[in-house]
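S.K.: A single structure is presented below for examination.
Taken together, the values in this text are just the output of simple stated rules run on the coordinates, not laboratory data. Since the model is a prediction, treat every value here as computed from it, not as a measurement. Note: ideal-geometry Cβ built from the backbone for every residue, glycine included; neighbour counts use all protein chains shown.
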Amino acid sequence: MGDTNHTAADTLHRRGLMFILSSPSGAGKTTLSKMLLAADQEIKLSVSVTTRAPRPGEINGVHYSFVSPEDFQRMVDEDDFYEWAEVFGHRYGTPKGAIRAALKEGQDFLFDIDWQGTQQLYQKDQQDVVRVFILPPSIEELHRRLKNRATDSAEVIAARMERARAEISHWDGYDYVIINDDVEVCFEKVHAILEAERMKRQRQTGLIPFVRELMA
């Protein structure tokens, strides 16, 4: 009987959350995102809406939702985005409707967005948002990582370093800040934050009927 109750307590319904991972370029955010998606079946990547054309291998609805500029503008006019931005002439946005419905069902979403997107998302929906910022162990190490990619010119690396400093200055707009000195250790911390946030009392919507039954 004790085992049955334990299982029930572990599988109580909860509201999903929006888990944001931000970092300057080269601090390991993309690697950590991939590790989290591979290790945890309850979280999936938020699919952005974009006006740009699909690249080879990209599937509509999996990598992005591809729409016309007119449809995107209609979504902006109807306030159907948590946040949106224009990047290199194309627009990208996080759709509200589908995510809100899935959160209610207990689905978690991972967001790989910058501090401006984070700010917009948080302003629209504070209760569901968890903000995590990843810092490099030092500015020298960040420079070394960017240089080791060997795909960018010295000018591009310098521009990325400048942008990284600007991004780092927004660290205090996040709930959690982790220094990524060792990617495995950093991942364990990120996953621990996700697990703890899932257990927050206000997210566990199944607790009220469960506790009522305990007290009956």
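S.K.: Could you compute the net charge surrounding Arg15? Neighbours are other residues with a C-beta less than 10 Å from the C-beta of Arg15; K and R count +1, D and E count -1.
M.R.: Cβ neighbours under 10 Å give a net charge of +2.
S.K.: Among Ile20, Ile59, Ile168, which one shows the highest mean-square fluctuation when the chain is modelled as a Gaussian network with alpha-carbon springs under 10 Å?
M.R.: Checking each option, the largest mean-square fluctuation is seen for Ile59.
S.K.: Then there is this: Could you calculate the FRET efficiency of Glu86 with Glu184 from 1/(1 + (r/R0)^6), where r is the beta carbon distance between them and R0 is 30 Å, rounded to 0.05?
M.R.: 0.25
S.K.: Right, next: For the stretch 59-68, just list the computed ³J(HN,Hα) in residue order, Karplus coefficients 6.51, -1.76 and 1.60, θ = phi - 60°, integers in Hz, with x standing in for Gly and Pro.
M.R.: Working through the residues one at a time gives 10, 4, x, 9, 8, 8, 9, 8, 10, 6 Hz.
S.K.: Can you give me the convex hull volume of the Cα atoms of the chain, divided per residue and expressed in Å³?
M.R.: 152 Å³
S.K.: Suppose the chain between Val177 and Val62 were pulled fully straight at 0.36 nm per residue; how much longer would it get relative to their current alpha carbon spacing?
M.R.: Going from the current span to full extension adds 38.5 nm.
S.K.: Cut-off is 10 Å between beta-carbons; in what order do Asp80, Asp108 appear when sorted fewest neighbours first?
M.R.: Asp80, Asp108
S.K.: Determine the dipole magnitude for the chain: charges of +1 sit on the beta-carbon of Lys and Arg, -1 on that of Asp and Glu, nothing else is charged, the reference point is the Cα centre, and the result goes in debye to the nearest 20.
M.R.: Roughly 40 debye for the chain.
S.K.: Test of understanding: what is the full-extension gain from Thr151 to Thr205, defined as 0.36 nm times their sequence separation minus their Cα-Cα distance?
M.R.: Once the chain is fully extended between Thr151 and Thr205, it gains 14.7 nm.
S.K.: Provide Met35, Met18, Met215 in ascending order of the number of other Cβ atoms located within 10 Å of each residue's Cβ, fewest first.
M.R.: Ranking Met35, Met18, Met215 by Cβ neighbours within 10 Å, fewest first, gives Met215, Met35, Met18.
S.K.: The chain: longest stretch without exposed trypsin sites (Lys or Arg not before Pro) (DSSP loop, at most 13 other Cβ within 10 Å), sites themselves excluded?
M.R.: 1-148
S.K.: Another question about this same structure. Within the set Lys104/Lys189; Lys44/Lys104; Lys29/Lys189; Lys96/Lys124; Lys124/Lys189; Lys44/Lys96, which residue pairs have Cα atoms separated by over 21 Å?
M.R.: Lys104/Lys189; Lys124/Lys189, as the Cα separations exceed 21 Å there.
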